[in-house]
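The values are calculated or read from the model by the stated rules, or taken from the named source; none is laboratory data. Just so it is clear, the structure is predicted and the values come from calculations on it, not from any experiment. So basically every Cβ, Gly included, is an ideal-geometry build from the backbone, and we count neighbours across all protein chains shown.
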Amino acid sequence: MSKYEAVIGLEVHIQVRTETKMFCSCPNKYGEPPNTLVCPVCMGYPGVLPTPNKEAIMRTVAAGVMCSCQIAEFSKFDRKSYFYPDMPKNYQISQYDLPFCSNGRIHIYGKGFSGAEMADKYIGLTRIHLEEDVAKLTHFANCSGVDYNRAGVPLMECVSEPDMRTADEAYAYLTALKQIMQYAGISDCDMEKGQMRCDVNVSIRLVGAEKFGTKIEIKNLNSFRSIHRSLEYEIWRQEKVLEEGGKLTQETRGWHDDRNETYLMRSKESAHDYRYFPEPDLMPITLTPEQIEEIRLKLPELPETTRDRFVRDYDLTPYDAHVLTLEKTVSEYFDNGAKLVKTPKIMANWIISELLRELAKSETAITDCRITPEKLAGLVKLIEDNTISGKIAKDVFVEMFNLGKDAKTVVDEKGLVQVTDSSAIETFVVQAIEMNPAQVEQYRSGKTMVLQFFVGQVMKLSKGKANPQLVVELLKSKLDS
């Protein structure tokens, strides 16, 4: 074991789902042609005045409530000054000393990205403040392009306490935070669209030491996997530097995904470098306890609460509940279907083992799936009442997924109803035994595993329609006599 331990904190930027931008009436949309969703306000023209987006403020407060934060009844916006092509007015409207949300926490537990078991613990959330997003820079071979469509989009910055000690814990924290934001409808958190971005702060210290080491920030991380890999590499790199007698300096590093290594970008700025001061064009924001309570009452249950309910009410394993609640859309799909069947566990198995695999293979969102929760529940019901076997159900499922038909229609059209008449099945059993005398001798000489061979033969003769349980019972009766 290493004599060092890592100290990790994350700064996560999450775009807020709203109709318009933070301080103007431009649409908050993704994927439009460059520089078509802009106006004098988000382009920073002289003389224009910002108007705060109430919807963005309320959703930020909702995020804070979901993360057990203290909600400020008095808050304000500040100017953060810096010069870069992504910010046309050379300052960003943000929050500094009076954010909307502070002192929250995120619960993590279970297995991490690497499969290692983690401690059950809470990660502190220092603050959630609201600001405007900046433009998107695209770097080409000989130049860079600037798309200001994103400039002015409402953006929350969620700053954690330095409570994480491993890359697995950081991964679990991000997963939990993303789930909370999705469940509350605050953001879709699509990293490919830039709706969720993360900067990592990491240092190392001797195990047992209280003082933090030199903090290194890592940027340019575009996936949870990259965050996990960059942390593992950077922890190793810092240990190597210290073990070789070197000295770490506070700096900002980038991440080369192809090379699997971090690289130096620049020395780290401090808060005073940004020259924060209260935004003179905006009044402070006041919230009443009644407004905060109204937001609290409208919020959905936490993903963790949903997991516990699935285990308790639907008799699922913790693992099944965990998989089904990773995405809100999957959780809602299961919840809607499970209420329609006798055995929700079967429903869960079909979603986890069949549906999610086919959706990933076809790159289809579950919300666009042709098999609705009601249709999958119909398939489960046919299995429950022994109308079809599990094997036949897989063939039915393929038809349902590709064509959108309900299970009963597929079964009726293809004549797939399971044979449960014992006399009909007995005919197939007798045929299988008469056709395979050598295997009969093997079974009767003690090689009972050969029974599965006979089950396969009967299923083949019945074209997969025979009830497997009756097949086994009748085979044993005939072979043991």
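Results, tabulated for the structure shown:
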{"quantity": "Restricting region 1-47 to residues that are charged (D, E, K, R) and part of a loop (DSSP other than H, G, I, E, B), the residue that is surrounded by the most Cβ atoms within 10 Å (Cβ to Cβ)", "calculated": "21"}
{"quantity": "Top-ranked residue of region 72-96 - restricted to ones that are part of a loop (DSSP other than H, G, I, E, B) and modelled with pLDDT of 95 or more, ranked as nearest to residue 137 (Cα to Cα)", "calculated": "95"}
{"quantity": "Residue within region 51-69 that is in contact with a helix residue (DSSP H, G or I) (Cβ under 9 Å, 6 or more places away or on another chain), of a type in the set (Asp, Glu) and either outside any loop (DSSP other than H, G, I, E, B) or in contact (Cβ under 8 Å) with a residue 40 or more places away in the chain (or both) present", "calculated": "no"}
{"quantity": "Odd one out for residue 288 among (1) modelled with pLDDT of 95 or more; (2) surrounded by 11 or more Cβ atoms within 10 Å (Cβ to Cβ); (3) among the β-branched types (Val, Ile, Thr)", "calculated": "(2)"}
{"quantity": "Residue match in region 330-339 (condition: under 30 Å from residue 456 (Cα atoms) and touching a residue at least 24 places away in the same chain (Cβ under 8 Å))", "calculated": "no"}
{"quantity": "Odd one out for residue 340 among (1) over 30 Å from residue 241 (Cα atoms); (2) of a type outside the set (Ser, Thr, Tyr); (3) outside any loop (DSSP other than H, G, I, E, B)", "calculated": "(3)"}
{"quantity": "Residue in region 86-112 that is farthest from residue 10 (Cα to Cα), counting only those that are in contact with a helix residue (DSSP H, G or I) (Cβ under 8 Å, 6 or more places away or on another chain) and crowded, with 21+ Cβ neighbours inside 10 Å", "calculated": "100"}
{"quantity": "Test: residue in region 320-338 that is surrounded by fewer than 19 Cβ atoms within 10 Å (Cβ to Cβ), of a type in the set (S, T, N, Q) and farther than 30 Å from residue 72 by Cα", "calculated": "yes"}
{"quantity": "Sole exception among (1) without any contact (Cβ under 8 Å) to a residue 24 or more places away in the chain; (2) more than 16 Å from the chain's Cα centre (by Cα) for residue 360, by number", "calculated": "(2)"}
{"quantity": "Extreme residue, modelled with the highest pLDDT, among residues of region 98-140 that are assigned to a loop (DSSP other than H, G, I, E, B), over 30 Å from residue 51 (Cα atoms) and out of contact with any Asp or Glu (no Cβ under 9 Å at 6 or more places or on another chain)", "calculated": "140"}
{"quantity": "Condition check for residue 199: crowded, with 22+ Cβ neighbours inside 10 Å and among the acidic types (Asp, Glu)", "calculated": "no"}
{"quantity": "Set 351, 366, 371, 383: member being out of contact with any Asp or Glu (no Cβ under 6 Å at 6 or more places or on another chain), closer than 18 Å to residue 328 by Cα and surrounded by fewer than 22 Cβ atoms within 10 Å (Cβ to Cβ)", "calculated": "366"}
{"quantity": "Residue tally, condition closer than 25 Å to residue 64 by Cα and touching a residue at least 60 places away in the same chain (Cβ under 8 Å), over region 3-28", "calculated": "17"}
{"quantity": "Subset of region 425-450 [of a type in the set (A, V, I, L, M, F, W, C) and exposed (fewer than 15 other Cβ atoms within 10 Å of the Cβ)]", "calculated": "430, 435, 438, 449"}
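Residues are listed down the side, and each one gets a yes or a no for (1) over 23 Å from the mean Cα position of the chain (by Cα); (2) surrounded by fewer than 18 Cβ atoms within 10 Å (Cβ to Cβ); (3) among the acidic types (Asp, Glu):
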| site | (1), (2), (3) |
| --- | --- |
| 49 | yes, yes, no |
| 60 | no, no, no |
| 71 | yes, no, no |
| 79 | yes, no, no |
| 84 | yes, yes, no |
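Results for (1) assigned by TED's automatic domain parsing to the domain that holds residue 222; (2) outside any loop (DSSP other than H, G, I, E, B), shown as yes or no for each residue.
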{"site": "262", "(1), (2)": "yes, yes"}
{"site": "266", "(1), (2)": "yes, yes"}
{"site": "273", "(1), (2)": "yes, yes"}
{"site": "280", "(1), (2)": "yes, no"}
{"site": "296", "(1), (2)": "no, yes"}
{"site": "307", "(1), (2)": "no, yes"}
{"site": "311", "(1), (2)": "no, yes"}
{"site": "320", "(1), (2)": "no, yes"}
{"site": "326", "(1), (2)": "no, no"}
